[in-house]
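Working notes, beginning with the structure itself.
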Amino acid sequence: MANTTLKKNTATNIFIPKRVFIEPAALEYELGRRLRDRFRSEGIPVTVTGAHNRVTGIPGKTAQEAFMEAKRTLVVGIRRGKEFQTCKPSAHYQLPLVTSCPGKCEYCYLLTNLGKKPYLRVYVNIEEILDRAKSYIKERLPGETVFEGAATSDPIPVERYTGALRQIIEFFGRQEHARFRFVTKFTDVDSLLDAKHNGRTRFRFSLNAEPVIKNFEHGTPSMQERAAAAGKVAGAGYPLGFLVAPIILYDGWQQGYSELFQELDRVLDPLSRQDLTFEFITHRFTRRAKNNINEIFPHSRLDMDEEKRQFKYGQFGYGKYVYPKESLAEVKEHMENLVNRYFPAARVEYLV
Ligand code: SF4
């Protein structure tokens with residue numbers, strides 16, 4: 001086990017914040033007031049604070065402590081910026097909905113992107129965000145506009161409190177010229193099963209071989225639990241997708257990923273296999289990510305030996321360490337074989 005202080009405990013995968021901060025402006029919205037009252041009635045400390053991106057009061061003397069405390073902190077705010085970030089190549093825009101996630105995966109890209117205190121943040125001005133989405137959709141007519149709902153977060157753990165994802169799924173269910181997609185590692189999906197999605201939201205699960213989940217993720221459901229949740233979502237008629245990432249080449253990886261596919265084969269009904277997508281991302285890291293990971297998870301066994309990797313220059317002047325060409329070719333062959341064998345009608349969107 002990589003870090004003994006972070007044992008996997010699937011019973012605690014439900015996110016319960018330890019403290020909540022609310023921006024004053026969020027209290028002008030019904031959802032903001034509802035969240036304040038709910039958390040207070042549950043005995044969770046709620047503090048009305050300044051702007052959501054200037055949160056002070058998250059404890060933590062060391063980087064590790066600050067990280068762990070931030071992962072149990074929820075900030076309720078409003079989104080002020082009018083523009084959405086672009087999200088190429090998989091979607092046109094990010095839909096700003098939630099930031100961060102209570103999971104503590106050692107390889108999480110948010111370790112690099114969200115700074116030292118990656119607290120969770122939800123927005124309560126959902127109608128305004130959706131109005132902006134409508135104007136983006138209009139600008140691209142008669143083309144279709146695709147929005148990604150999980151570019152900087154996992155939106156499922158806070159859904160039990162906000163109901164925002166359901167509202168957004170139903171919004172896209174009513175759009176003729178737009179689609180929505182998001183990805184999750186979590187399984188608390190029941191409240192979304194009867195949402196009127198009209199097939200316009202692709203519900204994706206981020207999965208991995210069980211040994212990878214056990215060794216490098218903390219506070220996330222097991223592979224079997226995620227596969228079972230995917231089975232439920234497929235049963236509810238959502239177009240389904242799987243993001244297998246990061247693929248890690250540990251001893252016996254072929255078997256681990258084969259078992260993942262066997263499990264998916266076991267839980268998916270025939271209909272859901274007709275419109276199924278796969279995305280595959282092999283493990284990679286930047287120097288900066290490696291330093292952050294070593295700071296937060298000093299006992300990590302994540303293999304980040306630069307000597308065994310190939311250096312690939314990146315877009316913004318910093319490069320990343322990827323598996324060498326020969327290993328990537330092996331991964332490609334193995335994953336394509338698995339898709340062809342178990343889900344021949346599925347579409348592989350990319351393998352990098
Ligand atoms: Fe990061 Fe996803 Fe793990 Fe959350 S579940 S910590 S977003 S990798």
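The values are calculated or read from the model by the stated rules, or taken from the named source; none is laboratory data. Since this is a predicted model, take the numbers as computed values, not measurements. As a convention, Cβ positions derive from the backbone with ideal geometry for all residues, glycine included, and neighbour counts pool all protein chains shown.
Determine if segment 253-261 includes at least one residue that is in a helix (DSSP H, G or I) and closer than 28 Å to LEU95 by Cβ.
No, every residue in segment 253-261 fails to be in a helix (DSSP H, G or I) and closer than 28 Å to LEU95 by Cβ.
Tell me whether segment 129-143 contains one or more residues that are in contact with a helix residue (DSSP H, G or I) (Cβ under 6 Å, 6 or more places away or on another chain) and farther than 28 Å from VAL212 by Cα.
Yes, segment 129-143 contains at least one residue that is in contact with a helix residue (DSSP H, G or I) (Cβ under 6 Å, 6 or more places away or on another chain) and farther than 28 Å from VAL212 by Cα.
Of all residues in segment 157-185, which are within 12 Å of the ligand (Cβ to nearest atom), of a type outside the set (A, V, I, L, M, F, W, C) and under 15 Å from PRO239 (Cα atoms)?
THR184, the sole residue that qualifies.
Checking GLY314 against (1) outside any helix (DSSP H, G or I); (2) of a type outside the set (A, V, I, L, M); (3) closer than 27 Å to ALA195 by Cα; (4) under 23 Å from the mean Cα position of the chain (by Cα), only one condition comes out false. Which one?
Against the list (1) outside any helix (DSSP H, G or I); (2) of a type outside the set (A, V, I, L, M); (3) closer than 27 Å to ALA195 by Cα; (4) under 23 Å from the mean Cα position of the chain (by Cα), GLY314 comes up short only on (3).
So if I check each of ASP188, ASP154, which one is within 14 Å of the ligand (Cβ to nearest atom), of a type in the set (Asp, Glu) and within 27 Å of THR286 (Cβ to Cβ)?
Criteria check complete, one pass: ASP154.
So, THR99, is that one within 16 Å of the ligand (Cβ to nearest atom), of a type in the set (Ser, Thr, Tyr) and either part of a helix (DSSP H, G or I) or more than 30 Å from GLY57 (Cα to Cα) (or both) or not?
Here the answer is no, as THR99 does not meet what is asked.
Taking interchain pairs and intrachain pairs at least six residues apart, which have beta carbon atoms under 9 angstrom, with the first residue in segment 140-163 and in a strand (DSSP E or B) and the second aliphatic (A, V, I, L, M) and within 14 Å of the ligand (Cβ to nearest atom)?
GLU148/VAL183; SER153/LEU97; SER153/VAL98; SER153/LEU110; SER153/LEU120
Being under 26 Å from LEU114 (Cα atoms) and in contact (Cβ under 8 Å) with a residue 12 or more places away in the chain narrows it down to one residue among GLU306, GLU263; which is it?
Answer to the selection: GLU306.
For segment 267-311, name all the residues that are among the β-branched types (Val, Ile, Thr), within 21 Å of PRO211 (Cα to Cα) and part of a strand (DSSP E or B).
Result: ILE281, THR282.
Mind checking which pairs have a first residue in segment 330-344 that is at pLDDT 95 or above and a second that is part of a helix (DSSP H, G or I) and of a type in the set (Asp, Glu), Cβ under 8 Å, 6 or more apart or different chains?
Matching pairs, first to second residue: TYR342/ASP265; PHE343/ASP265.
Could you check, for segment 81-89, whether at least one of its residues is within 16 Å of the ligand (Cβ to nearest atom), in contact (Cβ under 8 Å) with a residue 12 or more places away in the chain and closer than 23 Å to LEU207 by Cα?
yes
Which ones in segment 191-226 are assigned to a strand (DSSP E or B) and within 16 Å of the ligand (Cβ to nearest atom)?
Hits for segment 191-226 are PHE203, ARG204, PHE205, SER206, LEU207.
Please give the strands (runs of 3 or more DSSP E) falling wholly within segment 14-95 in which 2 or more residues are touching a Pro at 6+ places or on another chain (Cβ under 8 Å).
Fully inside segment 14-95 and qualifying: 19-22, 73-77.
Can you find a residue in segment 126-147 that is closer than 29 Å to PHE39 by Cα and either of a type in the set (Gly, Ala, Ser) or within 15 Å of the ligand (Cβ to nearest atom) (or both)?
no
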